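Single-structure report; data block below.
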């Protein structure tokens, strides 16, 4: 039995990523199974820390992207939104520029007000690079609010006059 309320296509999932943090990291959704969401992220030099390893925070971006998107697909999106409450990650194996990380998010708990998602990140050799857990709050959707007419004025360079 499928976990998803209204399963989006992979094209829709990837379109949601345009211009966001996941696009900056090169994250692409690749598979929506009955009970999991999978995506990949190529490790580029810009995603490494000074010692050449995949930055741990970038691993968390991938894990949170997969878990939060999975939670969003598992709720009635017309009535609710899913927002992150807590994320943790254990970094178990180094990954380097040139590696490709595959992440898989699976539900641990799906309640009416909260979800817990487990996310495994593996390199192209199948080694477990990171394991993460994400807790999501499910809250009622608010009516759309109008965009501000203009951005607030910024003080001139060098501080206030």
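The values are calculated or read from the model by the stated rules, or taken from the named source; none is laboratory data. Quick caveat: nothing in here was measured; it's all calculated off a predicted structure. For neighbour counting, all protein chains shown are included, and Cβ atoms are generated from backbone atoms with ideal geometry for every residue, glycine included.
Test residue 97 against the stated conditions and say whether it is touching a residue at least 12 places away in the same chain (Cβ under 8 Å) and surrounded by fewer than 18 Cβ atoms within 10 Å (Cβ to Cβ). In short, yes. Scanning segment 26-48 for residues that are under 15 Å from residue 100 (Cα atoms) and assigned to a strand (DSSP E or B) gives 28, 29, 30, 38, 39, 40, 41, 42, 48.
Scan segment 62-76 and tell me whether some residue there is in contact (Cβ under 8 Å) with a residue 40 or more places away in the chain and farther than 20 Å from residue 11 by Cα.
Scanning segment 62-76, I find no residue that is in contact (Cβ under 8 Å) with a residue 40 or more places away in the chain and farther than 20 Å from residue 11 by Cα, so the answer is no.
Of the residues examined, residue 43 is one that is touching a helix residue (DSSP H, G or I) at 6+ places or on another chain (Cβ under 9 Å), over 15 Å from residue 117 (Cβ atoms) and buried (at least 16 other Cβ atoms within 10 Å of the Cβ).
Here are 131, 139: which of them is in a strand (DSSP E or B), over 21 Å from residue 22 (Cα atoms) and in contact (Cβ under 8 Å) with a residue 12 or more places away in the chain? Full working, then the answer.
Working: 131 fails: over 21 Å from residue 22 (Cα atoms).
Every option except 139 fails the conditions.
Residue 69 falls short on exactly one of the conditions (1) part of a strand (DSSP E or B); (2) touching a helix residue (DSSP H, G or I) at 6+ places or on another chain (Cβ under 8 Å), and that condition is (1).
Of all residues in segment 77-106, those satisfying the criterion of being under 15 Å from residue 53 (Cβ atoms), in contact with a helix residue (DSSP H, G or I) (Cβ under 6 Å, 6 or more places away or on another chain) and assigned to a strand (DSSP E or B) are 89, 91. Inclusion of residue 115 among residues that are within 18 Å of the chain's Cα centre (by Cα), without any contact (Cβ under 8 Å) to a residue 60 or more places away in the chain, over 23 Å from residue 16 (Cβ atoms) and part of a strand (DSSP E or B) is not warranted.
Residues are listed down the side, and each one gets a yes or a no for (1) in contact with a helix residue (DSSP H, G or I) (Cβ under 7 Å, 6 or more places away or on another chain); (2) in a loop (DSSP other than H, G, I, E, B); (3) surrounded by fewer than 21 Cβ atoms within 10 Å (Cβ to Cβ):
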site: 3; (1), (2), (3): no, yes, yes
site: 7; (1), (2), (3): yes, yes, yes
site: 18; (1), (2), (3): no, yes, yes
site: 50; (1), (2), (3): no, yes, yes
site: 75; (1), (2), (3): no, yes, no
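Quick one: which residue in 89, 153, 82 is modelled with pLDDT under 95 and under 29 Å from residue 42 (Cα atoms)? It is 82.
All conditions in (1) without any contact (Cβ under 8 Å) to a residue 40 or more places away in the chain; (2) within 19 Å of residue 114 (Cβ to Cβ); (3) out of contact with any strand residue (DSSP E or B) (no Cβ under 8 Å at 6 or more places or on another chain) hold for residue 5, with the sole exception of (1).
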